[in-house]
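Heads up, the thing below is written out as C-alpha cells.
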Amino acid sequence: MREALRDEDRLPWLETVDEDYEDRPSTLRVALFALLGLALLAALVFGAYALRRQVTEPSKGNGELIAAPEGDYKIKPEKEGGMKVEGEGDLAYAASAGKRPDKARIDPKQLPESPMVMPGKGAMPRDAGGGAVVQIGSFPDKAGADAAWARQAKRFAFLGGLGHAVEKAEVAGRTVYRLRVNAGGANAARELCNKLRVAGEACFIVRG
C-alpha cells in the first residue's frame with residue numbers, strides 16, 4: 001500500500017485551483033450607456049447650433065415705420081347720397097345727455113286741423129240718428145268720467161268746442177260710465193279718433 005503523501009511532497013500542478021471570476025459589466029449594458037451618451041451629445045450640439053443660428057441670422061423686416069399718406073384722412077364726397085332728414089340723430093344725442101328734447105313730445109296744437117262741423121255745446125242727444133260719436137273712455141263712476149273730460153279738453157284744443165256726454169251702461173253685471181264726444185258725421189268722427197290715436201290716446205267710433 002502506498003503511504004499517504006505528506007503535504008510538502010504533493011506536486012502543485014496536481015492540486016485543484018479555484019477560478020477567480022471578475023465582476024465585469026455586460027456588453028449590452030455598455031452599449032446602452034454608449035447610445036444614451038451619443039444621443040445626449042447630439043441634442044446638445046443641435047441646440048447650440050439652433051441658438052447660434054437664431055442669434056446671428058438677420059431679421060427679414062427692415063423695421064422702418066410706415067408713413068401716413070399725405071392729405072386728409074377723411075374726404076367729404078362731392079355728392080352726398082341718401083335722403084337727408086332735418087334734425088336726424090339730434091334726439092338720440094340729447095337723450096343720452098339726460099335732456100328731454102321738445103321734439104320727442106307730441107304737441108296736440110301742431111296736429112293738422114281740417115274743416116269740421118262744430119255742433120253747439122251741450123249734452124249730446126242719445127238718438128243721434130245717422131251720426132257717429134267717439135268714445136274716449138269708460139269709467140266706474142260719473143265723477144271719473146267728468147274729470148277725464150276736463151283733462152282731455154284742456155290737453156287737446158280741438159275737443160274744447162265739441163259736445164260730450166257721460167252715458168251709464170251695464171256691462172257684465174257692472175255699472176260703467178262711458179265718456180263720448182259728438183263729432184257730427186262719420187267722417188268727422190274718423191278724423192277726430194285719428195288725431196287722438198296720433199297723440200297716444202285710445203278711442204273708437206260708435207255709430208248711431
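Only the coordinates and a few stated rules stand behind these numbers; no lab work does. Fair warning: this is a prediction, and the values are worked out from it, not measured in the lab. Because the Cβ atoms are built from the backbone with ideal geometry, glycine has one as well, and the counts that use them run over all protein chains shown.
Points to keep in mind about this one:
- Test for residue 154: is it touching a Phe, Trp or Tyr at 6+ places or on another chain (Cβ under 7 Å) and in a helix (DSSP H, G or I): no
- Taking every residue in the range 187-208 that is at positive phi and pairing it with any residue that is assigned to a loop (DSSP other than H, G, I, E, B), at least 6 positions away or on another chain, the pairs with Cβ-Cβ distances below 9 Å are 200/106.
- Some residue of the range 163-172 being buried (at least 20 other Cβ atoms within 10 Å of the Cβ), outside any loop (DSSP other than H, G, I, E, B) and touching a residue at least 60 places away in the same chain (Cβ under 8 Å): no
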